[in-house]
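Participant: Supplied in C-alpha cells, the structure appears directly below.
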Amino acid sequence: MYVNVDLKYVVDVLSSYMNLKDEDFIAYYLCRRGYNPFEVLVAIVLSQNTRDELAMKAFNNLRSVLGVLNPQVILSQSPEVIEDAVRVAGMYRRRTLVIKELARVLINLDSLDKLLTMSVEEVRDLLLSVDGIGYKTVDVFLLMCRGEPVFPVDTHIRRVLKRLGIIEEGDDYLEIQGKVHKLLPPNYYLKAHLILIAHGRTYCKAKKPLCNECPINDLCPKNI
C-alpha cells in the first residue's frame, strides 16, 4: 500500500547520519576523478550484483593488466585475460562478454567523449543495444558523469522504498523511477541515490534490518 512519506525529508535526515565516502560508490568515484566514459561504464558493469569494493578491485586489476582501458585494447585481448583480471567481482565470464560487447558497440565513435555530448536519447539507445546493459547502468552513467536529471534504481533503493511504503512489490524499474521523480526535485537525485544506497547497506539490510538503530525508524511504516 502506498504511504505518504516525505522522501526529501527522509533523505535530509539520513544525510545527517551518513558519512559517505567517494570510494564507496565506484561510478561516482571515477567520474569525479576524470576517468574516461568507457572506463566508467566498464566499472558500472563490474559493479552489477556485487559490492563496489569488489568491483573496484576488479577494475584496478583490469587497468593494471591492460595499462589503459579503451575499446581497442579490450577487443585486442583474449576473453581469458579479462576474465582472470575481473574474477574477484564474480560472474567473470558474463562480465567479460558484456565488456567485450560494449567495446564493439563503442569502438566506432570518433571519440569516447561523444558519450558526454550526445543527446540523452542517443546515449540510451546506444548503450541499451549492448546485451547485459539495462536502464540502471545507463542512468548511473547519465547521472554521475553528465549530471542528467535521472534517478537510478538499484536493489538497495528498491528495498528501502518498498519498506517506506513508497513503491509496491510489483513496480518495475521505470515505475519506481517515475515515483521518485515526482517526490524529489532533480537537484536531489544524486544525493538521494547515494544516501539511500548507503542506508540500505548500513541499516535497511535485506536480512535482519537494524530497525531499532535506524535514523528514520519513527518515519518508516516497516513494510518488511
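Participant: Residues in the stretch 130-143: is at least one modelled with pLDDT of 95 or more, surrounded by 17 or more Cβ atoms within 10 Å (Cβ to Cβ), closer than 16 Å to P71 by Cβ and not aromatic (F, W, Y)?
Facilitator: yes
Participant: Shifting gears a bit: Name the residue that is nearest to N70 (Cα to Cα), counting only residues in the stretch 97-124 that are free of Cβ contacts under 8 Å to residues at least 60 places away in the same chain and within 18 Å of the chain's Cα centre (by Cα).
Facilitator: I99
Participant: A further question follows. Let me spell it out: the conditions are (1) modelled with pLDDT of 95 or more; (2) more than 27 Å from L128 (Cα to Cα), and S16 meets all of them except one. Which number is the exception?
Facilitator: (1)
Participant: For residues that are β-branched (V, I, T), under 18 Å from L115 (Cβ atoms) and not in a helix (DSSP H, G or I), tally how many sit in the stretch 10-68.
Facilitator: Count: 1.
Participant: Continuing with this model, one more query. Quick one: in the stretch 69-84, of everything that is under 24 Å from V138 (Cβ atoms) and among the aliphatic types (A, V, I, L, M), which residue is modelled with the lowest pLDDT?
Facilitator: Checked the stretch 69-84; the qualifying residue modelled with the lowest pLDDT is L69.
Participant: Separate question: Would you mention how many residues in the stretch 119-161 are assigned to a helix (DSSP H, G or I) and not hydroxyl-bearing (S, T, Y)?
Facilitator: 25
Participant: So in the stretch 165-193, with the set limited to residues that are among the acidic types (D, E) and surrounded by 14 or more Cβ atoms within 10 Å (Cβ to Cβ), which one is modelled with the highest pLDDT?
Facilitator: D171
Participant: Identify, from the list I99, I167, the residue that is closer than 23 Å to F25 by Cβ, hydrophobic (A, V, I, L, M, F, W, C) and assigned to a loop (DSSP other than H, G, I, E, B).
Facilitator: Answer to the check: I167.
Participant: Additional query: Counting only residues that are surrounded by 13 or more Cβ atoms within 10 Å (Cβ to Cβ) and within 21 Å of L184 (Cα to Cα), how many does the stretch 194-220 have?
Facilitator: 12
Participant: Would you please list the contacts, defined by Cβ atoms under 6 Å and residues six or more apart or on different chains, that run from a residue in the stretch 37-58 that is at pLDDT 95 or above to a residue that is of a type in the set (S, T, Y) and not in a loop (DSSP other than H, G, I, E, B)?
Facilitator: Pairs that qualify, where the first residue is at pLDDT 95 or above and the partner is of a type in the set (S, T, Y) and not in a loop (DSSP other than H, G, I, E, B), are I44/T137; A55/S47.
Participant: Let me ask something else about it. I'd like to know if the stretch 196-204 contains one or more residues that are under 15 Å from K8 (Cβ atoms) and at pLDDT 95 or above.
Facilitator: Yes, the conditions are met somewhere in the stretch 196-204.
Participant: Give the residue, chosen from L97, L69, L75, that is touching a Leu at 6+ places or on another chain (Cβ under 8 Å), assigned by TED's automatic domain parsing to the domain that holds D125 and of a type outside the set (V, I, T).
Facilitator: Going through L97, L69, L75 in turn, just one is touching a Leu at 6+ places or on another chain (Cβ under 8 Å), assigned by TED's automatic domain parsing to the domain that holds D125 and of a type outside the set (V, I, T): L69.
The values are calculated or read from the model by the stated rules, or taken from the named source; none is laboratory data. Note that the structure is predicted; figures quoted are calculated from it, not measured. Note that we place each Cβ from the backbone using ideal geometry, even for glycine, and neighbour counts take in every protein chain shown.
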